[in-house]
Amino acid sequence: MSSPTSTSDATGTGAALAGTGGFLGRSRRGWLLVGLGLVLALALPWFVYPPVAMDIACWALFAVALDLLLGYAGLLSFGHAAFWGGSAYVAGLAAIEWGLPFPLAALLGAVFAMALAWPVGVLSVRRSGIYFAMVTLAFAQMLFFVVNQWRGLTGGENGLQGVPAHFFGVEAVEDQAFYFYYAALPIIVAGMWFAWRVVHSPFGRVLVATRDNPARARALGYDVERYRVLVFVLSAGLAGLAGGIFAISHGFVSLQEVAWQTSGKVVLITVLGGIGTLWGGIAGAVVIVLLEDFLASSGFDGIGIITGAVFIVVVLLFRRGVWGTLSDLLGRRTGRSHAVERSISAGDGEEPTA
Amino acid sequence: MSTKRIVATAVVTAGVLALSACGNAGPGGAGSDEFTDGKLVLAVLNDQSGVYKDLSGPNSVKAVEMAVADFQERHGDDAVVEDVEVTFADHQNKPDVANTKAQELYDRESADIILDVPTSSAALAVATQAAEKEKLYFNIGAATTELTNAQCNKYTFHWAYDTYQLANATGTAVTEGGATDWQIIYPDYAFGQDMDKSFTAAIEAAGGTVGDHIATPFPNDNFSTFLTRAASAEPDVIGTMQAGGDLINLVKQYNEGGYVDQGIELAVGLMFITDIHSLGVEAFNGVNFAEAWYWNFDDENRAWADRFMEETGTRPSFAHAANYSAATQYLEAVQAEGTDDADTIVGHLEGKEIDDVFLKNGKIRAEDHRVIHDVYLARVKTADEVTEEWDYEEILATIPAEEAFKPVEDSTCSFG
């Protein structure tokens, strides 16, 4: 959240690379990247231990959801664990109590997260910057204490154990993490597509305007607060979707899910990947989840030191994160990024064609 | 190249990749019935970097390695399996990580048994995985009684201690020692509430009374108001269920308040020798607490502690000894049965009576897999009583195995 210019650069290049002319874009590069991304996503559990692959996918969607808010509305939420974790508990309870299939349970969790996000959003978007972060953190901590104390429902600090993964009686999916990944991936991809769609809609354009110049957006007749509440709710919904799948893939929900460290981790992933790039979250999730998984078995006892050092290096040297820097390098080679950047910062709704 | 062709290429590549992968790889298969891969793998899953690093951590892995070395020395050429590996992972006290790592250890590193796992939520997550994979799991580091009650399963054993035993040992022994009038201060969350209930039950059964049950926020720094309130009733003893950093703050404030001079003792629900080591004996002067095992208790313990000292440069906590004991008993069971098949080993261990360096008068209860053994009431020595490093505890009383743990009739466990 340094200077508005650098963020807006990243937005431009990221959007350009992600395929600019519709989801299955008209541009060649867009097609290629979407294809490549899907191939990698499909191939992931062959190379990475399947439960870890699932974690990567969930954290990636969570980071994309946060970037929707942080990168495109300029609001740093430090309380997104409330939506991820709140949904995790709802999805877990739905699977245990009613035996809902996991996609429905996760969806129910997402709906709960959105319902929770509405009042929180209305109250917190009145502030911005550090105050917004503090207010969201405060609400998340409230939820943490409710979950901790409501032992009958949530299991308190022991967590909600034995969450079943129902999937219409398909045993392979229910029992094996490998097949579960493929059953859950479409939901994750759909969530990402939704985030992409939001960013590249007129709504998304207005959002960027409210971020860069709220006064001007207001003067043009846009209700800035309403837009912010709406994007907050949408972001919470996607975070909830990711949290619900995460909980069911693990078979339990713990206090960790609603703890502030989880909010911190997703901010770390998003910043590492690149703020305002949307897909940066995926790169960030891959790096952080794999790093943590590797370090856990490495015998090195300073996991925080390593992830912290990586974070510092990225923030100091690659201000636009992994994705932002990469796409910037690629864009510079083809000389595309500047045109796109200008057209976006000028508020030009038309997509440039490559 | 036209867009269509690129798309076609991408789709074909994806398809080929997916298909070729189907041929040679695949999700990890379940374990076989004989010695999986011709070897035995013992995995330690614990906190290698956080608050429980000293209590269990890397030295638990060392303890398990010692058990393996001793086993190989004992059986030499007769050993039913030659290749015995010890592996480990760090769960960072996060249940999510513990859950994933447990799966990975069972599936990928073909671990036959997982040991240790402190932190209750992580411990319960691993129990779920053990049940699902039908592989063994001996918990040592976690205190939750859920492992041998509602969340128990056929493959999970609880080796060292639990909240019931802690409360029961301290509550009963201190009350029977003459301090009958109690005040209890507990942190207001699941662990504290459970401990408060267990303590009260134990104290009342021993003929004592509990005045106030004072709930404090968790976490919390300032306990002086709670201590003043508890002391105003002029009890014989204040029982505190705080743990970790909160406990340290409370004990400091207890010392500063001069309650010792008023004749009010302090009994602690959950405390480890590593807490005393990090803060020094002065801070805990005269505190009573329950101990599952103490290195300087008798010659057998001391001899093992000396060997442990040679390996690690430090004295063992109860968790290290329990890891050694659990690994040893597992290896002996494998030796006796000639297989690493989990169901056979469970059958062998159920109801078995054991005496080793950690388990004194030990027995593995078949009904709930609670491992019972003698436990102790300890008092922290004063600075001038300490004769060597780690010589911090005086054992005041031994609580016999049968009385120390929750009676088997009261367990809600059933192996479905």
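All of the numbers you see were taken from the coordinates with simple rules; none came from a lab. Note that the structure is predicted; figures quoted are calculated from it, not measured. All Cβ positions, even for glycine, are placed from backbone atoms using ideal geometry, and neighbour counts span all protein chains on display.
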Review point. Fully extended, how many nm does the chain gain between B:E82 and B:A150 (0.36 nm per residue separation, minus their Cα-Cα distance)?
Key: 20.7 nm
Review point. Where nothing but the Cβ of Lys and Arg (+1) and of Asp and Glu (-1) is charged, how large is the charge dipole of the protein assembly as shown around its Cα centre, in debye to the nearest 20?
Key: 6400
Study note, to complete from the structure: For region B:378-393, Karplus-derived ³J(HN,Hα) couplings (6.51, -1.76, 1.60; θ = phi - 60°; whole Hz; x for glycine and proline) come out as 10, 10, 6, 5, 7, 4, 7, 7, 6, 9, 8, 4, 6, 8, 10, 10
Practice item. Arrange A:Y181, A:Y227 by Cβ neighbour counts within 10 Å, fewest through most, would you? Key: A:Y227, A:Y181
Practice item. Rank A:V231, A:V90, B:T128 by how far each Cα sits towards the positive end of the charge dipole of the protein assembly as shown (+1 on Lys, Arg Cβ; -1 on Asp, Glu Cβ) and give me just the farthest. Key: A:V231
Revision key, fill the gap. Ranked on Cβ counts within 10 Å of their own Cβ, fewest leading, A:R151, A:R320 go A:R151, A:R320
Study note, to complete from the structure: Output row, site A:V111, 7 Å Cα→C-beta label point, backbone N cut-off 18 Å, window region A:191-211, residues A:191
**Study point:** Around A:R151: net Lys/Arg minus Asp/Glu count, Cβ-Cβ under 15 Å
**Key:** -4
Check your understanding: Under 5 Å between amide H atoms, partner at least 5 residues away or on a different chain: which partners does A:G159 have, H built in plane at 1.01 Å?
Key -> A:L255
Study note, to complete from the structure: Plugging the Cβ-Cβ distance of A:A190 and A:L36 into 1/(1 + (r/R0)^6) at R0 = 22 Å yields, to the nearest 0.05, a FRET efficiency of 0.70
**Study point:** Contact order relative to length of chain A, as percent, for alpha carbon pairs under 8 angstrom and 6 or more apart
**Key:** 32
Practice item. Give the distance, in whole Å, between the Cα centre of region B:212-259 and the Cα centre of region A:260-307. Key: 39
Check your understanding: Hey, what did region B:164-291 get for relative contact order, percent, Cα under 8 Å, at least 6 apart?
Key -> 28
Review point. Taking R0 as 22 Å, what's the FRET efficiency between A:I96 and A:Y182 from their Cβ-Cβ distance, rounded to 0.05?
Key: 0.40
Check your understanding: What's the FRET efficiency of B:D261 with A:R28 using the Cβ-Cβ distance as r and R₀ = 56 Å, to the nearest 0.05?
Key -> 0.10
Practice item. Return the distance in nm (one decimal) between the two label points of a simple spin-label model at B:T387 and A:L104, each offset 7 Å from Cα along Cα→Cβ. Key: 7.1
**Study point:** Residue-averaged [θ]222 nm for chain B, counting only DSSP H segments that reach four residues, each worth -39500 (n - 2.57)
**Key:** -13500 deg cm²/dmol
**Study point:** Dipole axis of the protein assembly as shown (+1 Lys, Arg; -1 Asp, Glu on Cβ), positive-most option in A:I269, B:Y330, B:G177
**Key:** A:I269
Check your understanding: Nearest 20 debye, what's the magnitude of the dipole of region A:194-312 about its Cα centre given +1 on Lys and Arg Cβ and -1 on Asp and Glu Cβ?
Key -> 640
Practice item. Pull up all non-local amide H partners of B:G239: gap of 5 or more, or a different chain, and H-to-H distance under 5 Å with H placed in the peptide plane. Key: B:Q183, B:I184, B:I185, B:A267
Check your understanding: For the modelled label position 7 Å from the Cα of A:E225 along Cα-to-Cβ, which residues of region A:98-126 have backbone nitrogen atoms closer than 18 Å?
Key -> A:117-126
**Study point:** In sequence order, calculated HN-Hα J values of region A:215-225 (Karplus, 6.51, -1.76, 1.60; Hz; x Gly/Pro)
**Key:** 4, 5, 4, 5, 5, 7, x, 8, 7, 4, 4
Review point. Percent antiparallel among DSSP beta bridges with both residues in the protein assembly as shown, to the nearest 5?
Key: 30
Check your understanding: Straight-line reach from B:K53: which lysines have a Cα under 27 Å away, not including same-chain ones fewer than 8 places off?
Key -> A:K265, B:K62, B:K94, B:K101, B:K135, B:K252, B:K360, B:K381
Practice item. Can you pull the one-decimal nm distance between simple spin-label points at B:D298 and A:M142, each 7 Å off the Cα toward Cβ? Key: 5.8
Check your understanding: When the dipole is taken about the Cα centre of chain A, and only Lys, Arg (+1) and Asp, Glu (-1) are charged at their Cβ, what size is it in debye, to the nearest 20?
Key -> 1240
Check your understanding: Going toward the positive end of the dipole of the protein assembly as shown, with +1 on Lys and Arg Cβ and -1 on Asp and Glu Cβ, which of B:V44, A:G162, A:F62 do you reach last?
Key -> A:F62
Check your understanding: What per residue convex hull volume, in Å³, do the alpha-carbon atoms of chain B yield?
Key -> 179
Review point. Once you sort the root eigenvalues of the Cα gyration tensor of region A:202-326 as a ≥ b ≥ c, which label holds: rounded (a/c under 1.5), prolate (a/b larger than b/c) or oblate (the other case)?
Key: oblate
Check your understanding: Given labels modelled 7 Å from the Cα in the Cβ direction, how far is it in nm from A:V313 to B:E282?
Key -> 4.3
Practice item. Tabulate in residue order the Karplus-calculated ³J(HN,Hα) for region B:403-415, using 6.51 cos²θ - 1.76 cosθ + 1.60 with θ = phi - 60°, rounded to whole Hz; enter x for Gly and Pro. Key: 9, 6, 10, 4, x, 4, 4, 7, 6, 8, 6, 8, 7
Check your understanding: For chain A, what is the mean residue ellipticity at 222 nm derived from helices alone (per DSSP H run of n ≥ 4: -39500 (n - 2.57); sum divided by total residues; nearest 500 deg cm²/dmol)?
Key -> -24000 deg cm²/dmol
Revision key, fill the gap. Proxy exposure order for A:T154, A:T270, A:T210 (fewest C-beta within 10 Å first) is A:T154, A:T210, A:T270
**Study point:** Zone residues, region B:210-225, relative to B:A233, backbone N less than 19 Å from point 7 Å out along Cα-to-Cβ
**Key:** B:210-217, B:223-225
